[in-house]
Every structure is written in C-alpha cells, then in structure tokens.
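**Student:** First the structure, which I've put down as structure tokens, then a few questions once you've had a look.
The values are calculated or read from the model by the stated rules, or taken from the named source; none is laboratory data. Note that the structure is predicted; figures quoted are calculated from it, not measured. We place every Cβ from the backbone using ideal geometry, glycine too, and count neighbours over all the protein chains shown.
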C-alpha cells in the first residue's frame, strides 16, 4: 500500500501527509494548536516550509513476504525518525513525506517499486530496503534512473562493488565487518577451534567465508563447516558431525526454523555443550524467553544494537526508544509480546538522518540535485554518537559507500541479553574493494 | 480475408499498437510495458504447452531460470558478450526442456504436474546449492557496461522497450504461425482428445516433447532477456511462484489464444500495481479478481471475447 503519512506527531502528520494547502491552513490556524501538540520548536523551520513542496522519500518496505516482521519495525522506526526530523523543521525547511510501497520482499517487485518512486511518485530518493536479494534486484534500476538509493540491508553487496554509485549504505554496517569484528573476542575468550553451522545460502556463505578468514588471522581455525539446507526442518542429524574437540559452535540460521534448531541443539548437548556463539538475525522479532530458547542461556549473540536497555544506557538510546515506542526489553510499549528487530532497525533512523544531513550539505532543491546529494554523502566521514545516531559513532567510507561502526556481543543471562563486549570501529575495517567515486554520476 | 491472413493482420496490428505506445504513454507505463512484454513472452511459452497442447505444467520457472542463469553465468564468469550469452541461455533452456520433458512426459495428468513441479524445485535448490556460481538466493547484477548488443546500450529506456517489443512480437508471430500449421493443429487435437490423435496415427509423445522443447526455449529466451534488459539474475525467478504466475497470466488472459498471455500479464501487473496503492492486502484483491474471472470469464478475457463477440480472434 502506498502510505503518505510520515509521522506520529499531529502537526508533522498534517504537514507530511496532507497537501501544501492543508499545511498552510494548519499553520495559519495559530500557534495555540501547535503549542498543544508540543511542536513549537519546529515552527521556525515550517515558516520556510510554507513555500516548499515536501521532500519525498520513497520507502521500499517489506510488508509481505519473508521480510514482513522486519518490515513492520522498519516502518515504525522510519515514521518515528521522520516525525523527529519534521518536528525539527524538516530538511532545508521542507517537510519530509514518506511514500511507502510494499515490495513483497521480492526483487522483481522491488525494481518495479523503484520505477514507481521515480516515474509516478516523483520521489527525491529511495530508501529502506533490507533483504539483500531485493537490494541487488532493485539497485540496477535505481542506477539507471539516477535515484539515490539508501539501503539498510547489512549485506556486503554495496561495499563489494557489485552495485553502482547511486546505491549507498550509510546507516548500518555490513556483514563482512560484523563477522570480522567477532573473531578477536571468539578466539581470545571463547576458544580457537570453531565449528560453523550455517544456512546453506548466500547469507550463510558470507559468514563461512568472512569468519574463516578472520578467525585464522586471530590464530584460531574453523575445524568443521556444516551447511544446513534452507528447507531443513529437523537438525538432530547434523549435530553428530560436530567434532569432539570443538571449543565454539558458531551458528547462523535464518527463518522460523531457528527455534527448532536451538531446541534440538540444546537437547543434543545437554549441560556439556561447547561455547555457543550466533547472530541475533534469526531471533529478531522473537522473544528470547520463547519456549525452546531456554537452551540459549549462557550463549553469546552478536547484536547490531543491544535489544535490552543496558546499565550504562545513554540518553541517546533512551530518546530513540521513546520515539520509536520500544520498552527496555526491546518490545513495543503497547504490546510486550511484540518484540522489535532492534539490532537492525536503528539503521532506518540513522539513514534518514544521513539523508537529511546530505541534503542540507548540498542545499538540495529537487531531483536535479541528486548527483550533488550523492557527492555530499560521499564527502561524509566521521559520524558522531548522538540522538541522530544512537547506536554509536561511525565512520563512513565515501569510496565504498559503506558505513563502519561498533558491534556488540551479548550473553543470554536470566532471560535477557547483556552486553559483554563492544568492538572498536577499527576491528570492523577492511581494505576497500571498490571506489564508486570513479563512476560517472 | 481468410482466418490465417486475419490472424496475421491482428498480430501485426497488436505489434504496431505496442510500437505506438512508446510515443504516447508516459515513461512510467513504457517502463512497465517493457517488463510486461518480456513476461508475456514467458506466458506465451507456457500457453503453448498448456493452452494448445493441454499439458498442465508447474515447472516452467525451471526454463525461465535456465535461460536467465545460462546467460548470467557465462557473462559473469566467462566474460561472454550479450548476444552469444543470450543464445547460450536459450540453448540451456531448450536442453533442460528436452531432458525434463522426455522424463516428465512419461507421466500424464496430475502426475505430470507433480513431476514438473519437482524438477523445478530441484532446479531452484541447485541455484541455491551452487552458490559460488549463482550467489545463491541473493543473485547477482549484470554490469551495465556488459549489457550492450553490438554497441547498443540495452539499459537505455527506448532500446529496452523496443527489445521487449521485438521479443514479444517475434514470439507472437512465431506462435501464431505455429498453431495454425499442421503441427499446431496436431497439438490442439492432442489437447482435445489424445487417444483419438494417437489412433489417427500421430506420434503423440514426440509432438508433446517438441512442444515442451519449443516452450522451454521461448521461456528461456524471456528469462535471458529479462536478465539482460533489467540487469539482475536471482533465485526468486526459479522459485515455485514463477511456475504459478505464467499459469495465472494465461488463465486470466485466455488459454489457447495468442493474445491472452499478453492481456493476462498486463491486467495482473496493473492489478497489483494499483491495488497496492489502496490496500496492503493487494494480493487478496488479486485473488478475488481471479475467482471472479474464473466464475464469469472461464475461458479468460480473450477466450470469452472470442466465444461471445469476436469469433475471429486468433
């Protein structure tokens, strides 16, 4: 469905979802109404907005298909970020309007949605795609149409050089840097002999290849690689393949089968399991206290952003949770059973703030300034820790169009995830594989 | 005007109409139409076995993907240029059609449907399994610089549109000619009464196999063209929904009509596109539309038109 609402704030909603005439009418209605909504700080920005069309951001959202759970939370985070941006005066004095289109988590439909953003909705930029195959399927069309396409995917496809100059990932780190940054902690704290169990498709292969290399650099080794077909529903037969001298089991599964996987692994090993390390991806939107997941107690998980509020919670995280509507356990404030995709969805929030900064830096006025916007984002480097970037400070690489940032390792303890290690940004860096700035705009 | 000449005139008129659309439609719709024409070629390939031969296949995604990956892999890993890669893609699909057809045609009815579905699923899993070549579920991009045909940029809007017209136009004229030939009439005879066709001395198995191979080659041509024109090769095109979709497009437009696949693909595309503007449950809208079409247009749009009004429609 095409959504044209962009904020939970009443005033901003009027400005973003309604026509310019409605926005003017609202403003002319007097500051009393604005004060009642608590939006007065944004008033000065909207004075400029009176003569401006909204900035249209095409939001490619997974509302249906395998990515729907992620899509729901990407949507909420996006609405919250736009509400904040609009409350602060929009971008260059213009309100932001989100044009959301479901891509069905399908690459063909994704490319069609990109076409729709440009030629039907006249969007200024495209934004928000998560699943790698949708990004890869959509990116060529974005490049041909010269639509700045800001993805929130964590795939290595951007930095690998596979895509084009119009595709950027400035709000979330990629899988290569995430995996690489895990190796020092795994090798030095959990053990050097690792057995990998991974979903036998591209995402799992990325983990297999990147981690094997990274753990070797730390003096460790992967002593067994056990691929699990994506259609598999029973896992017990794979566990006897795990060598007896394994120190650490590294698991990367995707989809609902992970619940069965964890349960069967727990039953197989009992109390004498090796250290278990995994990625939270397959447990996003899943309550860590779900039946069967008790076997995860004591195990370690990578998190892009800690789901549970930590003892040293920053003001930025507090503000971000409040804006998005997430409680201290990472669930919706209105329904504790509705667990968020906290480790990833911050990418939407941060990417929208990068778009804002980029548009302000190049004094973006319309589609003719799209190349200037690309150059402005490419010129970014250090991104400080702030409310706009609550996950932590970051470094953006303008050549590879990829951002780098801290990673978190959490331990499951008493039914919650407690951070036990935070990587440095340096741990996540690797050699450039592409220089997109050499491509024509 | 005889029926053959009339059919040819209708087909040429449709091609002329498609050419004319480029000059009058906004860019959004010409962009969509380019995609629809490639997919309609796929649907036409399906229509040959389903609509004209009476074989309900649920495995055509395998042929579409064979063409797509045949082209994609030799371009990506072998540095082969577009035209020979496209020919290779078509050859891959035809070969896969020959092998799977020879085996699947040993069955009939529901068993044929299941066997073709199983072959397609095996193909899909192969795409995932050989990830080093295919990049598994993620797929890969064909670089824009490689997407050119003797110096012509296939990513250019106009070139892409007319490439779509050429592909669909050729398949329309080819299938139009084929189904009016003696061989085409034999296929229709098999569809209507296989035993009777066999009793009359036709080599039914051979005819069906030839139909499957031609259909597979055409589906592969569409798959390879999709990769070339839109720059993406991905496993989702090998998944089961791309076996179901050509069936739906054909049923909606009219099985056993030459123009049905185009109309079905067109209607379904815009049904999804416009329904998604109104509701998140756009697939429900599509489902209801298909149920209504089944109830009130059991022979599809073109088929019903032909039965009730325009009896001369090919």
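Yes/no matrix, rows are residues, columns are (1) in contact with a helix residue (DSSP H, G or I) (Cβ under 7 Å, 6 or more places away or on another chain); (2) under 26 Å from residue A:353 (Cβ atoms); (3) more than 8 Å from chain B (Cβ to nearest Cβ):
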position	(1), (2), (3)
A:103	yes, yes, yes
A:107	yes, no, no
A:111	yes, no, no
A:117	no, yes, yes
A:125	yes, yes, yes
A:130	yes, yes, yes
A:139	no, yes, no
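**Student:** To continue, here is another question. For region A:236-262: of the residues being at pLDDT below 85 and touching a helix residue (DSSP H, G or I) at 6+ places or on another chain (Cβ under 6 Å), which is surrounded by the fewest Cβ atoms within 10 Å (Cβ to Cβ)?
**Tutor:** A:254
**Student:** Between A:8, A:14, which is more than 14 Å from every other protein chain (Cβ to nearest Cβ) and either part of a loop (DSSP other than H, G, I, E, B) or at pLDDT 90 or above (or both)?
**Tutor:** Step by step, each of A:8, A:14 is checked, and only A:8 is more than 14 Å from every other protein chain (Cβ to nearest Cβ) and either part of a loop (DSSP other than H, G, I, E, B) or at pLDDT 90 or above (or both).
**Student:** Is region A:208-227 home to any residue that is within 10 Å of chain B (Cβ to nearest Cβ), more than 18 Å from residue A:131 (Cβ to Cβ) and outside any helix (DSSP H, G or I)?
**Tutor:** Among the residues of region A:208-227, at least one is within 10 Å of chain B (Cβ to nearest Cβ), more than 18 Å from residue A:131 (Cβ to Cβ) and outside any helix (DSSP H, G or I), which makes the answer yes.
**Student:** Can I ask one more? Enumerate the helices (runs of 4 or more DSSP H) found wholly within region B:1-83, keeping only those where 2 or more residues are over 19 Å from residue B:267 (Cβ atoms).
**Tutor:** Numbers: elements: B:3-24, B:27-47, B:60-78.
Answer list for region B:1-83: B:3-24, B:60-78.
**Student:** To continue, here is another question. In the set A:149, A:166, which member is modelled with pLDDT of 95 or more and closer than 11 Å to residue A:60 by Cβ?
**Tutor:** Values: A:166 fails: closer than 11 Å to residue A:60 by Cβ.
Within the list A:149, A:166, the selection yields A:149.
**Student:** I would also like to ask the following. Restricting attention to region A:141-162, report how many residues are touching a strand residue (DSSP E or B) at 6+ places or on another chain (Cβ under 8 Å), under 22 Å from residue B:32 (Cα atoms) and either within 10 Å of chain B (Cβ to nearest Cβ) or in contact (Cβ under 8 Å) with a residue 40 or more places away in the chain (or both).
**Tutor:** The qualifying residues number 3.
**Student:** Pick out the one residue from B:288, B:212, B:240, B:309 that is surrounded by fewer than 16 Cβ atoms within 10 Å (Cβ to Cβ) and either closer than 29 Å to residue B:136 by Cβ or modelled with pLDDT of 95 or more (or both).
**Tutor:** Values: B:288 fails: either closer than 29 Å to residue B:136 by Cβ or modelled with pLDDT of 95 or more (or both); B:212 fails: surrounded by fewer than 16 Cβ atoms within 10 Å (Cβ to Cβ); B:309 fails: either closer than 29 Å to residue B:136 by Cβ or modelled with pLDDT of 95 or more (or both).
Just a single option satisfies the conditions, and that option is B:240.
**Student:** Please note which helices (runs of 4 or more DSSP H) are completely contained in region B:220-314 and include at least 1 residues that are within 14 Å of chain A (Cβ to nearest Cβ) and in contact (Cβ under 8 Å) with a residue 60 or more places away in the chain. Show your work before the answer.
**Tutor:** Numbers: elements: B:241-253, B:260-278, B:282-296, B:300-308.
Result: B:241-253, B:260-278.
**Student:** If only one of A:100, A:69, A:81 is crowded, with 24+ Cβ neighbours inside 10 Å, under 21 Å from the mean Cα position of the chain (by Cα) and farther than 20 Å from residue B:278 by Cα, which one is it?
**Tutor:** Selected residue: A:81, the only one of A:100, A:69, A:81 that is crowded, with 24+ Cβ neighbours inside 10 Å, under 21 Å from the mean Cα position of the chain (by Cα) and farther than 20 Å from residue B:278 by Cα.
**Student:** Quick test for you: out of A:412, A:387, A:395, pick the one residue that is farther than 15 Å from residue A:151 by Cβ and out of contact with any helix residue (DSSP H, G or I) (no Cβ under 8 Å at 6 or more places or on another chain). Please lay out each step first, then the result.
**Tutor:** Values: A:412 fails: out of contact with any helix residue (DSSP H, G or I) (no Cβ under 8 Å at 6 or more places or on another chain); A:387 fails: out of contact with any helix residue (DSSP H, G or I) (no Cβ under 8 Å at 6 or more places or on another chain).
A:395 is the lone residue from the list that is farther than 15 Å from residue A:151 by Cβ and out of contact with any helix residue (DSSP H, G or I) (no Cβ under 8 Å at 6 or more places or on another chain).
**Student:** Could you run through region A:50-91 and say how many residues are outside any loop (DSSP other than H, G, I, E, B) and touching a helix residue (DSSP H, G or I) at 6+ places or on another chain (Cβ under 9 Å)? Talk me through it step by step, then tell me what you get.
**Tutor:** Applying the first criterion (outside any loop (DSSP other than H, G, I, E, B)) to region A:50-91 yields A:55-61, A:68-87, A:91.
Those left that are additionally touching a helix residue (DSSP H, G or I) at 6+ places or on another chain (Cβ under 9 Å): A:55-61, A:70, A:73-87, A:91.
Result for region A:50-91: 24.
**Student:** Out of the residues in region A:173-191 meeting the condition of being touching a strand residue (DSSP E or B) at 6+ places or on another chain (Cβ under 7 Å) and more than 14 Å from chain B (Cβ to nearest Cβ), tell me which one is surrounded by the most Cβ atoms within 10 Å (Cβ to Cβ).
**Tutor:** Just the residues of region A:173-191 that are touching a strand residue (DSSP E or B) at 6+ places or on another chain (Cβ under 7 Å), to begin with: A:173-174, A:177-178, A:182, A:185-186, A:190-191.
If we keep only those that are more than 14 Å from chain B (Cβ to nearest Cβ) as well, we get A:173, A:177-178, A:182, A:185-186, A:190-191.
Working: A:173: 23, A:177: 24, A:178: 25, A:182: 28, A:185: 20, A:186: 24, A:190: 21, A:191: 17.
Looking at the filtered set, the residue picked out is A:182.
**Student:** In contact (Cβ under 8 Å) with a residue 24 or more places away in the chain and closer than 24 Å to residue A:83 by Cα, is that true of residue A:421?
**Tutor:** When the stated conditions are applied, residue A:421 does not pass them.
**Student:** Considering only residues that are farther than 17 Å from residue B:164 by Cβ and touching a residue at least 40 places away in the same chain (Cβ under 8 Å), which ones fall in region B:2-11?
**Tutor:** B:3, B:4, B:6, B:7, B:8, B:10
**Student:** Let me ask another. Go through the residues of region B:58-71 one by one and say whether even a single one is farther than 19 Å from residue B:251 by Cα and either surrounded by fewer than 21 Cβ atoms within 10 Å (Cβ to Cβ) or within 14 Å of chain A (Cβ to nearest Cβ) (or both). First the steps, then the outcome.
**Tutor:** Applying the first criterion (farther than 19 Å from residue B:251 by Cα) to region B:58-71 yields B:62-63, B:65-71.
Those left that are additionally either surrounded by fewer than 21 Cβ atoms within 10 Å (Cβ to Cβ) or within 14 Å of chain A (Cβ to nearest Cβ) (or both): B:65, B:68.
Checking region B:58-71: at least one residue is farther than 19 Å from residue B:251 by Cα and either surrounded by fewer than 21 Cβ atoms within 10 Å (Cβ to Cβ) or within 14 Å of chain A (Cβ to nearest Cβ) (or both).
**Student:** Restricting to region A:274-308, what's the tally of residues that are buried (at least 16 other Cβ atoms within 10 Å of the Cβ), assigned to a loop (DSSP other than H, G, I, E, B) and over 18 Å from the mean Cα position of the chain (by Cα)? Can you show your working first?
**Tutor:** The initial filter retains those residues of region A:274-308 that are buried (at least 16 other Cβ atoms within 10 Å of the Cβ), namely A:274-288, A:293, A:295-296, A:299-308.
If we keep only those that are assigned to a loop (DSSP other than H, G, I, E, B) too, we end up with A:274, A:284-288, A:299, A:304-308.
Restricting the remaining residues to those that are over 18 Å from the mean Cα position of the chain (by Cα) gives A:274, A:287-288, A:299.
Count: 4.
**Student:** Among the candidates B:85, B:104, single out the residue that is under 18 Å from residue B:213 (Cβ atoms) and surrounded by 23 or more Cβ atoms within 10 Å (Cβ to Cβ). I'd like the intermediate steps shown before the answer.
**Tutor:** Details: B:85 fails: under 18 Å from residue B:213 (Cβ atoms).
Of the residues listed, the single one that is under 18 Å from residue B:213 (Cβ atoms) and surrounded by 23 or more Cβ atoms within 10 Å (Cβ to Cβ) is B:104.
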